[in-house]
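Some notes on the structure that comes next.
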Amino acid sequence: MHSISTSYIDGTFVPVRGTERLPIISPTTENVLGMVTLANREDAVLAIDAAARAQRSFARSSKAQRIDLLRALQAAVLRSADNIRDSAIEEYGGAYSRTQWVSQYVSQCFANAVQTLEDYPLTRTIGAARVSMEPVGVAALIVPWNSVAGTVCSKLASAIAAGCTAVIKPSELSPVQTQVITEALHSAGLPDGLFNVLLGRGRDVGDELSTNPKVAKISFTGSTPTGKLIARAGLDSLKRVSLSLTGKCASILLEDADLASAIPLIVNAAFMNNGQACVAGSRLLVPSQRAAEVIAAVKAFVDTLVVGDPWRPDTSLGPLASAAQFDRVQRFIRQGLEQGARLVAGGAGRPDGIDRGYFVKPTVFSEVKSSVAIAQEEIFGPVLSIMTYDCEEQAVEIANDTIYGLQAYIFGNDHDRANRMACELEAGTVLINRAAPELLAPFGGVKQSGIGREFGVSGLEAFLEAKSVVSG
Ligand code: NAD
């Protein structure tokens with residue numbers, strides 16, 4: 001049984017001052033895995049103060065010193081890869097194959113930050129000015145429950161590369177994963193206060209991070225409504241705010257697409273991370289004349305997916321993360337049926353043979369109108385909506401018919417057409433004939449999917465500010 005009641009402040013695990021206790025529930029068995037005591041606003045102030053003290057000297061660190069720290073962090077999380085993977089399976093229900101990938105990705109985040117920083121000029125001359133890229137100051141890194149270790153490490157890597165100290169607030173729904181990743185980061189032996197970690201509610205710990213004047217920067221990943229709250233709360237002290245938010249991504253299948261290669265990528269993009277991914281391609285747009293063939297191919301592929309024990313390497317989808325997530329996805333499936341969509345695969349309830357855990361059936365709807373809830377709202381579960389289009393312009397129009405704009409996918413053999421279409425899509429990233437991102441390229445959303453970019457140079461610059469010194 002887990003018993004978690006510490007925050008990580010100033011290089012030490014210290015008992016939290018907060019008193020709210022929550023059970024940690026296994027999404028696979030619904031059994032209690034342990035208890036967590038949440039930090040409160042007072043803990044948040046202590047963490048911010050520690051980061052602010054450390055910021056004074058860290059702001060003057062050299063590129064070489066930061067690279068050494070990033071390499072130490074990279075090695076530390078790599079040493080803990082198995083624990084990081086296992087905690088995500090146990091607490092979150094992440095499928096083994098996915099969590100194994102994440103457990104390697106976390107060290108890649110630090111390696112990428114090293115590579116980016118090595119090539120990045122922190123000072124340059126522009127006319128008569130000497131321009132130096134200075135750390136913006138103490139950064140609050142606020143993280144969602146669907147991607148704990150990955151988001152913590154990618155944000156922390158950019159912050160450290162820039163010379164910013166950090167207060168990290170993962171979701172209160174992920175204490176075990178937070179404990180494991182924090183222990184791994186601690187083992188890197190960084191100077192005290194450089195990064196601090198605490199779990200707490202958004203309304204107190206999150207709000208303190210968003211309003212405390214010692215915090216200069218907020219890097220937030222989570223839902224669009226919370227992102228708006230944070231942006232408003234940070235306004236008084238003019239915090240620099242980066243927001244990576246909700247998605248409702250489209251996959252566009254072109255007329256000449258090869259279904260044998262495209263369908264597995266499309267379904268995997270839709271159902272990745274058990275469907276709980278901001279970049280899930282949850283809307284599939286197909287040419288009308290190929291609809292029947294595509295629907296049959298999607299159904300055949302979905303029927304091969306294995307839903308069940310996330311510890312088994314051959315499992316495609318584990319459970320959803322919580323009872324609330326299970327209820328939410330069931331509600332959307334019922335809505336899909338009520339609003340006239342045709343069920344192609346899956347449906348309401350647990351998969352056959354499973355009577356415990358937050359497992360849902362991978363579900364596919366066809367004949368979905370773009371205006372209905374399942375086509376407009378982020379479901380955050382394995383539910384794919386298939387829609388048809390008659391011409392390229394209509395495909396783009398449907399893909400863009402959402403308030404979000406995080407990522408889009410195009411599958412087809414005509415590369416000119418795919419690239420032409422990519423220019424028309426309102427999305428921060430367009431992936432053509434692939435579902436894997438380029439981790440050094442800018443990542444983020446347009447419209448209500450966010451403000452700012454993460455990864456690579458853009459991710460680094462999100463924690464920097466230019467200072468110009470001009471001599472007469
Ligand atoms: P959420 O917005 O509910 O919570 C995210 C984090 O914000 C949590 O740590 C939470 O405690 C904190 N928080 C809540 N209220 C706060 C407040 N008032 N002030 C400060 N912090 C507060 O999101 P979630 O349910 O944890 O995550 C799922 C959402 O995240 C989905 O919408 C998903 O699309 C999005 N997401 C986006 C990306 C991306 O890169 N664009 C990646 C992963 C998840």
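The values are calculated or read from the model by the stated rules, or taken from the named source; none is laboratory data. These figures come from a predicted structure and were not determined experimentally. Cβ: placed from backbone, ideal geometry, glycine included. Neighbour counts: every protein chain shown. Note: areas computed on protein heavy atoms with side chains; ligands, DNA, RNA excluded. Shrake-Rupley method; radii C 1.70, N 1.55, O 1.52, S 1.80 Å.
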Which pairs do you get when a residue that is without any contact (Cβ under 8 Å) to a residue 40 or more places away in the chain, found in the stretch 162-179, comes within reach of a residue that is within 14 Å of the ligand (Cβ to nearest atom) and of a type in the set (Val, Ile, Thr), reach meaning Cβ atoms under 6 angstrom, with the pair 6+ apart or on two chains?
168/152; 168/197; 170/143; 170/148; 170/178
Taking the stretch 416-437 on its own, how many of its residues are in contact with a helix residue (DSSP H, G or I) (Cβ under 9 Å, 6 or more places away or on another chain) and either among the β-branched types (Val, Ile, Thr) or assigned to a strand (DSSP E or B) (or both)?
3
Among the residues of the stretch 283-299, the number that are open to solvent by less than 50 Å² (accessible area, probe 1.4 Å), farther than 15 Å from residue 410 by Cα and touching a strand residue (DSSP E or B) at 6+ places or on another chain (Cβ under 7 Å) is 4
For a quick check of your reading of the model, give me the residue pairs whose first member lies in the stretch 42-63 and is over 24 Å from residue 121 (Cβ atoms), whose second is in a helix (DSSP H, G or I) and not acidic (Asp, Glu), with beta-carbon atoms closer than 8 Å and at least 6 apart or on different chains.
43/205; 44/205; 44/209; 48/209
Among the listed residues 85, 66, 71, 98, which satisfies the condition of being in a helix (DSSP H, G or I) and under 20 Å from residue 437 (Cα atoms)?
98
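Of the residues 87, 3, 103, only one is of a type in the set (Ser, Thr, Tyr) and either farther than 21 Å from residue 177 by Cα or surrounded by fewer than 17 Cβ atoms within 10 Å (Cβ to Cβ) (or both); which? Let's see the steps before the verdict.
On the way: 87 fails: either farther than 21 Å from residue 177 by Cα or surrounded by fewer than 17 Cβ atoms within 10 Å (Cβ to Cβ) (or both); 103 fails: either farther than 21 Å from residue 177 by Cα or surrounded by fewer than 17 Cβ atoms within 10 Å (Cβ to Cβ) (or both).
Only one candidate passes the filter, namely 3.
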Within the stretch 7-28, track down each residue that is of a type in the set (Ser, Thr, Tyr) and open to solvent by 50 Å² or more (accessible area, probe 1.4 Å).
12, 19
Against the condition hydrophobic (A, V, I, L, M, F, W, C) and within 27 Å of the chain's Cα centre (by Cα), how does residue 379 come out, does it pass?
yes
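Suppose we keep only residues that are hydrophobic (A, V, I, L, M, F, W, C) and more than 14 Å from the chain's Cα centre (by Cα) within the stretch 131-154. Which one would you say is farthest from the ligand (Cβ to nearest atom)?
Among those that are hydrophobic (A, V, I, L, M, F, W, C) and more than 14 Å from the chain's Cα centre (by Cα), it is 131.
Hey, among 64, 75, 50, which residue is in the same structural domain as residue 137 (by TED's automatic domain parsing), open to solvent by 40 Å² or more (accessible area, probe 1.4 Å) and closer than 23 Å to residue 151 by Cβ? Let's see the steps before the verdict.
Details: 64 fails: closer than 23 Å to residue 151 by Cβ; 50 fails: open to solvent by 40 Å² or more (accessible area, probe 1.4 Å).
From the options 64, 75, 50, the qualifying one is 75.
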Considering only the stretch 201-262, give the strands (runs of 3 or more DSSP E) lying wholly within it that have at least 2 residues that are within 10 Å of the ligand (Cβ to nearest atom) and surrounded by fewer than 23 Cβ atoms within 10 Å (Cβ to Cβ).
none
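Just for the stretch 265-282: of the residues that are assigned to a loop (DSSP other than H, G, I, E, B) and either open to solvent by 20 Å² or more (accessible area, probe 1.4 Å) or over 13 Å from residue 363 (Cα atoms) (or both), which one is farthest from the ligand (Cβ to nearest atom)?
The initial filter retains those residues of the stretch 265-282 that are assigned to a loop (DSSP other than H, G, I, E, B), namely 276-282.
Subset that is either open to solvent by 20 Å² or more (accessible area, probe 1.4 Å) or over 13 Å from residue 363 (Cα atoms) (or both): 276-281.
Details: 276: 7, 277: 7, 278: 3, 279: 7, 280: 8, 281: 13 Å.
Ranking the qualifying residues of the stretch 265-282, first place goes to 281.
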Whether any residue in the stretch 155-163 is surrounded by 22 or more Cβ atoms within 10 Å (Cβ to Cβ), within 12 Å of the ligand (Cβ to nearest atom) and modelled with pLDDT of 95 or more is what I want to check.
yes
For the stretch 130-144, does any single residue satisfy the condition of being touching a strand residue (DSSP E or B) at 6+ places or on another chain (Cβ under 6 Å), surrounded by fewer than 21 Cβ atoms within 10 Å (Cβ to Cβ) and closer than 28 Å to residue 1 by Cα?
yes
Sole miss for residue 419 among (1) within 30 Å of residue 156 (Cβ to Cβ); (2) without any contact (Cβ under 8 Å) to a residue 24 or more places away in the chain is condition (1)
